[in-house]
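First up is the structure itself, then whatever we jot down about it.
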Amino acid sequence: MDATDIKKIACVGSGLIGSGWATSFLIKGYSVVIYDVKEEFLENARVRINQNLEFFVKKGILDTRQFEQAVNSTSYTTSIQEAVSDVWFIQESAPENYEVKQALLAEIEKYAQPSTIIASSTSGLLISEIAKFAQYPQRCLGAHPYNPPFLIPLVEISKGEKTSETSIRKAYEFFRTLGKEPVILQKEALGFIANRLQVALYREAVDLVNRGVCSIEDVDKAACFGPGLRFGIMGPNLIFQLGGGAHGISGLLTHVGPSVENWWADMADWKKWPENWIVQSQEGVNQEMANRPSQFGQTTAEIAAWRDDMLVELLKLHKKF
Ligand SMILES: NC(=O)c1ccc[n+]([C@@H]2O[C@H](COP(=O)([O-])OP(=O)(O)OC[C@H]3O[C@@H](n4cnc5c(N)ncnc54)[C@H](O)[C@@H]3O)[C@@H](O)[C@H]2O)c1
């Protein structure tokens, strides 16, 4: 089975991430069967998926014929047998809990074909542990999306001890076919790649505020209108390559590297959240939201819609749409 053989996909678990994945598959023309434990959850998923698809029509990425086709290519079921027995790829997005995911995998394996890839959306559980009791653990792997999965291209593929290289290659090719940007973790790492980078930055952001260097609003402004603009188009290594001009990253690190070691000596390396940060962070973010120009959104829902509009424009520049 190659990535091109995948025509029909099962999304097992239809919450925020499961319905987001379903949208990603549908806009690329796949048939998707969606499973959840109760009809009411499926109904919520149907509403979410249709809203997501309408968003793509509004953005001119899908036309009305493609929209209809996507809606007609979606089926919903509370029968796991019906969901997984004739698909080549299963994206599991059930609650983040070993017992739930292990029991679900056992159910899936009763009905799925032995060669079907089973990818878990887990944000941080170990694939070796999820697949501990699996009959065919070689086809179990992690495929961690970034929210919202129907817009963000990154997929972090992770292996368990028994995952086969063939399964990893098939999943990688499949996500490439989907227009995603998969990365393969060569060994298990808590938080994978992107979340580790994100929280490393966030710890310093918290520390700068707590030291009184700047406000929450200004730390966000510095991140967004400085390095953030560049991060939207390239990663930190390539940024440093350009920062070094003709001398490249090696020239930059030779030049400023010794100063950076002094900064590191002064920077945050704590392992526990500062006391009261939960309350303080919310107060600071509320203030930041109130200060935003109203056309960019001031409530969480307005800002999320504005974010999705901005993401589509950026993704068009990346030739993703
Ligand atoms: N929320 C995020 O930002 C995010 C990002 C990346 C990955 N993830 C991961 O995606 C997975 C799902 O997270 P979510 O945010 O969509 O959660 P969610 O609560 O929105 O959705 C979980 C869904 O699983 C269903 N469910 C419950 N028991 C089930 C079972 N036995 N079989 C199948 N489905 C079952 C629930 O009814 C619900 O619809 C988790 O592993 C999470 O770590 C979440």
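Mind giving me the nanometre distance, one decimal, between the label points for Thr300 and Trp264, set 7 Å out from Cα along Cα→Cβ?
According to this spin-label approximation, the distance is 3.7 nm.
Would you mind getting the accessible area per residue of the chain, heavy atoms of the protein chains only, 1.4 Å probe, in Å²?
Counting only protein heavy atoms, the per-residue value for the chain is 56 Å².
By per-residue mean of other Cβ atoms within 10 Å, what is the highest-first order of 290-303, 186-199, 109-122, 264-277?
Top of the packing list down: 109-122, 186-199, 290-303, 264-277.
Using a Förster radius of 41 Å, what is the FRET efficiency between Leu201 and Gln51 based on their Cβ-Cβ separation? Nearest 0.05, please.
Efficiency, from the Cβ-Cβ distance: 0.85.
When the chain is fully extended, how far beyond the present Cα-Cα distance does Gln280 get from Thr78, taking 0.36 nm per residue of separation?
68.4 nm
At a 10 angstrom cut-off on C-beta neighbours, averaged per residue, how do the peptides 38-49, 218-229, 252-263 rank from highest to lowest?
Highest-to-lowest ranking by the protection proxy: 38-49, 218-229, 252-263.
Multiplying the sequence separation of Tyr111 and Lys272 by 0.36 nm and subtracting their Cα-Cα distance, what value in nm do you get?
Stretched out fully, the Tyr111 to Lys272 stretch lengthens by 53.5 nm.
Using 13 Å as the cut-off for backbone N distance, which residues of region 280-319 belong to the label zone defined by a point 7 Å from the Cα of Ser215 along Cα→Cβ?
Answer for this model: 283-293.
Which whole-angstrom value gives the distance between the alpha carbon centres of region 209-259 and region 21-93?
39
R0 = 41 Å: FRET efficiency of Asn44 with Lys162, Cβ-based, nearest 0.05?
The calculated FRET efficiency here is 0.75.
In region 3-184, what percent of the accessible surface is made up of carbon and sulfur (1.4 Å probe, ligands and nucleic acids excluded)?
Roughly 50 percent, rounded to a whole number.
Enter the mean projected area of the convex hull around the alpha-carbon atoms of the chain, in nm², rounded to one decimal.
18.9
For n ≥ 4 DSSP H runs only, could you compute -39500 (n - 2.57) per run for the chain, divide by its residues and tell me the 222 nm figure to the nearest 500?
-16000 deg cm²/dmol
Can you spot the lysines whose alpha carbon is less than 26 Å from Lys271's alpha carbon? Ignore those fewer than 8 places along the same chain.
Answer for Lys271, where 26 Å is the Cα cut-off: Lys187, Lys221, listed by chain and number.
Quick one: if you stick a label point 7 Å off each Cα along the C-beta vector at Ile249 and Asn97, how many nm between them?
About 4.2 nm, to one decimal.
If contacts are Cα pairs under 8 angstrom and at least 6 residues apart, what is the relative contact order of the chain in percent?
Once normalised by length, the contact order is 13 percent.
What order, most packed first, do the peptides 145-154, 307-316 have when packing is the mean number of other Cβ atoms within 10 Å of each residue?
145-154, 307-316
The values are calculated or read from the model by the stated rules, or taken from the named source; none is laboratory data. Remember, predicted model here, so these are calculated numbers, not experimental data. Reconstructed Cβ throughout: ideal geometry from the backbone, glycine too, with neighbour counts over all protein chains shown. Just so you know, the surface numbers come from the protein's heavy atoms only, side chains and all, with ligands and any DNA or RNA stripped out. Shrake-Rupley method; radii C 1.70, N 1.55, O 1.52, S 1.80 Å.
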